[in-house]
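The values are calculated or read from the model by the stated rules, or taken from the named source; none is laboratory data. Owing to the predicted nature of the structure, the values given are computational and were not obtained by experimental measurement. So basically every Cβ, Gly included, is an ideal-geometry build from the backbone, and we count neighbours across all protein chains shown.
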Amino acid sequence: MNEGKMILHVATLDKFINPFIEFLRDHFDDFDRHMFYLWGDRSQYPVEKRDDVRFGEDLNNKLLAYGDLLLKMYRADKIILHGLWNINVVKILAFNPWLLRKCYWVIWGGDLYSFKLAERDKAWERREVFRRFVIKRMGHLVTYIEGDVELARKWYGARGKSHECLMYLSNVFNGLDVPPKKSATINIQIGNSADPSNEHFEMLEILEKYRDEDIRIYAPLSYGPKDHAYKVKTRGKEIFGEKFVALLDFMPYEEYLRFLGEIDIAVFNHRRQQAMGNTITLLGLGKKVYMRSDVSQWKLFDDLGVRVFDVRNFSLVVSYEFNADKNVENVHKYFTEETLRLQVKELLK
């Protein structure tokens with residue numbers, strides 16, 4: 001590797017990371033320029049160990065790991081920060097601010113919205129001192145949701161250059177042939193995980209008045225706190241009985257796509273940008289999607305000519321309120337692998 005031209009990726013493991021590594025390997029001839037420095041649960045999010053992939057936990061102690069990372073940051077031509085989750089990485093950058101001009105922060109959502117939604121205790125205040133210093137001076141901001149850049153500038157005074165990029169394959173629409181539904185039952189999906197940010201209980205209250213209708217409610221709960229998943233399942237069963245289905249086990253990708261194909265209405269009640277992979281897939285399949293009108297992705301879809309609905313005005317009516325074919329056309333036009341490839345190429349050149 002020509003380390004003078006090295007592109008260093010720093011990430012906390014999640015389901016997006018390994019597919020991104022494979023995407024770069026498949027589409028870019030200069031893949032040997034890339035180095036990945038990762039932290040997290042490899043049993044849940046497996047990544048093949050290679051010369052170009054380092055795991056922070058493999059070194060004998062944290063000091064050695066972060067010292068090695070700092071050395072690679074100095075050698076790198078570009079530093080891609082896949083989310084700002086690791087406060088130790090943030091601190092390293094705060095104490096080496098001259099590195100920030102070559103840093104590209106890929107905004108995931110939660111790493112930005114912790115400003116607004118995290119518990120504001122003493123620990124939060126200490127973290128925010130470092131985060132504010134770093135985000136304000138970050139050289140580059142990467143997202144395809146313009147509203148998130150605007151919030152970073154509003155909340156943190158971020159001055160970096162913004163780059164439009166889908167970044168991950170989860171944000172690409174995957175085509176799926178959906179067979180005609182045989183049942184008249186209206187299938188409703190609420191949320192995308194067991195994370196409390198899904199605001200499940202609020203949605204269950206909204207839906208309660210429809211419990212005698214021909215509906216079935218599905219709650220994907222395989223990701224996130226197990227105790228919260230149990231509470232959601234218990235409350236859902238109390239209100240809806242057998243009409244409520246808690247999805248507690250991980251589904252293989254193809255099986256999950258088939259599940260989304262059976263959904264009629266999806267409700268994402270998050271107070272921040274989240275669940276974009278689910279949202280894009282459902283809209284691309286012509287499904288009716290509800291979300292809050294004050295989240296940053298609302299404007300994105302409006303700008304793309306994709307109709308979404310305000311959760312405050314929930315209705316069981318599936319059709320006649322919007323042109324599903326137009327939604328499908330516009331999603332297929334923008335959320336493509338070719339768009340992703342061109343955007344990543346521009347970002348990394």
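Data for the structure
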read-out	value
Failed item in (1) farther than 22 Å from Val308 by Cβ; (2) outside any loop (DSSP other than H, G, I, E, B); (3) among the hydrophobic types (A, V, I, L, M, F, W, C); (4) in contact with a Gly (Cβ under 9 Å, 6 or more places away or on another chain), with Ala219 passing the rest	(1)
Hits in the range 313-349 - residues which are touching a strand residue (DSSP E or B) at 6+ places or on another chain (Cβ under 8 Å), under 27 Å from Arg33 (Cα atoms) and surrounded by fewer than 12 Cβ atoms within 10 Å (Cβ to Cβ)	Glu346
Residue check for Tyr210: of a type in the set (Phe, Trp, Tyr), surrounded by 14 or more Cβ atoms within 10 Å (Cβ to Cβ) and within 20 Å of Leu304 (Cβ to Cβ)	no
Pair list, Cβ under 9 Å, 6 or more apart: the range 324-349 residue without any contact (Cβ under 8 Å) to a residue 40 or more places away in the chain, other residue hydroxyl-bearing (Ser, Thr, Tyr)	Lys333/Thr339; Tyr334/Tyr144
Number of the condition not met by Ala152 [criteria: (1) in contact with a strand residue (DSSP E or B) (Cβ under 8 Å, 6 or more places away or on another chain); (2) small (Gly, Ala, Ser); (3) over 30 Å from Lys345 (Cβ atoms); (4) without any contact (Cβ under 8 Å) to a residue 60 or more places away in the chain]	(3)
Any hit, the range 222-230, residues being surrounded by 15 or more Cβ atoms within 10 Å (Cβ to Cβ), part of a helix (DSSP H, G or I), in contact with a helix residue (DSSP H, G or I) (Cβ under 9 Å, 6 or more places away or on another chain) and free of Cβ contacts under 8 Å to residues at least 60 places away in the same chain	yes
Test: residue in the range 159-166 that is out of contact with any helix residue (DSSP H, G or I) (no Cβ under 7 Å at 6 or more places or on another chain), over 25 Å from Thr336 (Cβ atoms) and either modelled with pLDDT of 95 or more or not hydroxyl-bearing (Ser, Thr, Tyr) (or both)	yes
Spans of helices (runs of 4 or more DSSP H) in the range 1-99 with at least 2 residues under 21 Å from Gly277 (Cβ atoms) and among the basic types (Lys, Arg)	none
The range 162-187 - residue that is outside any loop (DSSP other than H, G, I, E, B) and more than 21 Å from the chain's Cα centre (by Cα) and, of those, surrounded by the fewest Cβ atoms within 10 Å (Cβ to Cβ)	Ile186
Qualifying residue in the range 263-277 (condition: touching a strand residue (DSSP E or B) at 6+ places or on another chain (Cβ under 8 Å), farther than 16 Å from Ser193 by Cα, surrounded by fewer than 22 Cβ atoms within 10 Å (Cβ to Cβ) and acidic (Asp, Glu))	yes
Output for the range 297-346, where each listed residue is among the hydroxyl-bearing types (Ser, Thr, Tyr) and more than 30 Å from Glu208 (Cα to Cα)	Tyr334, Thr336, Thr339
Qualifying residue in the range 130-149 (condition: without any contact (Cβ under 8 Å) to a residue 12 or more places away in the chain, surrounded by fewer than 20 Cβ atoms within 10 Å (Cβ to Cβ) and in the same structural domain as Lys116 (by TED's automatic domain parsing))	no
Among residues of the range 198-216, those that are outside any helix (DSSP H, G or I) and without any contact (Cβ under 8 Å) to a residue 24 or more places away in the chain, counted	1
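Here is a yes/no grid of residues against (1) exposed (fewer than 13 other Cβ atoms within 10 Å of the Cβ); (2) among the hydroxyl-bearing types (Ser, Thr, Tyr); (3) under 22 Å from the mean Cα position of the chain (by Cα):
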{"position": "Lys15", "(1), (2), (3)": "no, no, yes"}
{"position": "Tyr37", "(1), (2), (3)": "no, yes, yes"}
{"position": "Asp41", "(1), (2), (3)": "yes, no, yes"}
{"position": "Leu70", "(1), (2), (3)": "no, no, no"}
{"position": "Arg75", "(1), (2), (3)": "no, no, no"}
{"position": "Trp85", "(1), (2), (3)": "no, no, yes"}
{"position": "Lys91", "(1), (2), (3)": "no, no, no"}
